[in-house]
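Any read-out appearing in this document is the output of simple, stated calculations on the displayed coordinates, not a laboratory observation. Remember, it's a predicted structure, so these values are computed and weren't measured experimentally. Counting neighbours? That spans all protein chains shown, and the Cβs are built from the backbone with ideal geometry, glycine included.
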Amino acid sequence: MGSMIEVQTVSKSYWRDSFEIPVLKNITLSVPEGEFLALMGPSGSGKTTLLNLIAGIDRPNAGSITISGIDIATLNESALAKWRSTHVGFIFQFYNLLPVLTAYENVELPLLLTSLSKKERKQHVETALSVVGLADRMNHYPKQLSGGQEQRVAIARAIATDPTILVADEPTGDLDKNSADEILTLLGRLNKEFKKTIVMVTHDPRAAERAHIARHLDKGELQ
């Protein structure tokens with residue numbers, strides 16, 4: 001498999017008043033297609049910043065980020081938003097489900113930005129919920145689900161558009177051990193059976209063990 005993600009000499013700083021706060025320093029990282037990578041490191045090491053750069057949520061101050069041959073750092077805002085909507089599936093620590101929407105409606109949300117017909121959206125949603133084992137919960141609201149089930153709905157939402165990459169930011173950080181194990185098993189299945197390239201930020205060594213490769217960030221530098 002060729003390289004899907006190429007991060008080349010990327011640096012990122014933020015400004016607070018007149019102070020520059022360096023977050024990432026000269027990061028170079030290559031992730032092959034179909035890989036499952038865990039990014040580890042202490043709080044404040046730059047893990048989430050690097051994840052956001054790969055996902056096109058943020059832009060580097062220097063360097064390039066090439067995903068499937070496209071240097072996303074050069075795209076304008078509208079092109080970048082369009083790229084994200086088709087190529088990236090997001091999984092967050094706190095699920096980010098809308099409480100007033102059912103599981104079905106939450107999974108359908110990113111599909112509303114596509115050109116899919118209502119019938120096609122229905123097929124995508126039902127397939128995604130079936131993959132995560134929640135076909136029988138599609139009409140339930142988040143408050144009617146356990147934390148593990150909410151995260152599975154969030155994963156269904158992330159895969160509904162059939163993205164190129166899944167980015168997961170501490171996906172088990174708010175779950176008990178059993179639910180966390182279920183989510184990690186599901187991510188492993190998405191990687192192995194569905195060939196999804198996954199980049200996961202975690203501080204949990206048990207979670208990192210499920211990935212094929214673990215890389216450590218410390219003080220903005222990749223170890």
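Estimated at 0.36 nm per residue, the fully extended path between Ile57 and Asp181 surpasses their Cα-Cα distance by 41.8 nm.
Extension gain, Thr127-Val100: 0.36 nm per intervening residue step, less the Cα-Cα distance, totals 7.5 nm.
Phi-derived couplings, Karplus 6.51 cos²θ - 1.76 cosθ + 1.60 at θ = phi - 60°, listed residue by residue for region 86-94: 9, 10, 10, x, 9, 10, 10, 5, 9 Hz, with x used for Gly and Pro. Counting only Cβ charges, +1 for Lys and Arg and -1 for Asp and Glu, the dipole size of the chain around its Cα centre is about 300 debye.
The three principal axes of the Cα atoms in region 125-223 give end-to-end lengths of 45, 28, 20 Å, sorted in falling order.
When the chain is described by a simple charge dipole with +1 on each Lys and Arg Cβ and -1 on each Asp and Glu Cβ, the residue from Leu109, Ser3, Asn26 located farthest towards its positive end is Leu109. With respect to the chain, whose longest principal axis is taken over its alpha-carbon atoms, helix 147-159 is tilted by about 70°. The translational diffusion coefficient of the chain, from Stokes-Einstein at 4 °C and 1.567 mPa s with a Kirkwood hydrodynamic radius over alpha carbon pairs, comes to 72 µm²/s. If you filter region 122-223 for trypsin sites (Lys or Arg not before Pro), then keep DSSP loop positions with at most 11 other Cβ within 10 Å, what is left? Those that pass, being in a loop and sparsely packed, are Lys195. Among the GluC sites (Glu not before Pro) found in region 110-204, those both in a DSSP coil and sparsely packed, with 11 or fewer other Cβ atoms within 10 Å of their Cβ, are Glu193. Take every DSSP beta bridge whose two residues both sit in the chain; close to 55 percent of them are antiparallel. From its DSSP helices (H runs of at least four residues, each -39,500 (n - 2.57)), the chain gives a residue-normalised ellipticity at 222 nm of -9500 deg cm²/dmol.
The region of the chain that goes longest without hitting one of the chymotrypsin sites (Phe, Trp or Tyr not before Pro) in a DSSP loop, each with at most 16 other Cβ atoms within 10 Å, is 95-193. Binning the C-alpha pair distances of region 1-95 at 10 Å intervals from 0 yields a P(r) profile of 14, 47, 33, 5, 0 %, listed from the shortest bin outward. Helix 118-131 and the longest principal axis of the Cα set of the chain meet at an angle near 80°. Over all Cα atoms in region 102-180, the spread is summed up by Rg and Dmax: 12.4, 39 Å.
Along the Cα-to-Cβ line of Asn139, 7 Å from the Cα, sits a label point; which residues in region 79-120 have backbone N less than 16 Å from it? Hits in region 79-120 for Asn139 at 16 Å: 101-106. Met4: net charge of surrounding residues, Cβ under 12 Å, Lys/Arg +1, Asp/Glu -1, itself excluded? Neighbourhood net charge equals -1. Based on Cα contacts under 8 Å between residues 6+ apart, the chain shows a relative contact order of 30 percent.
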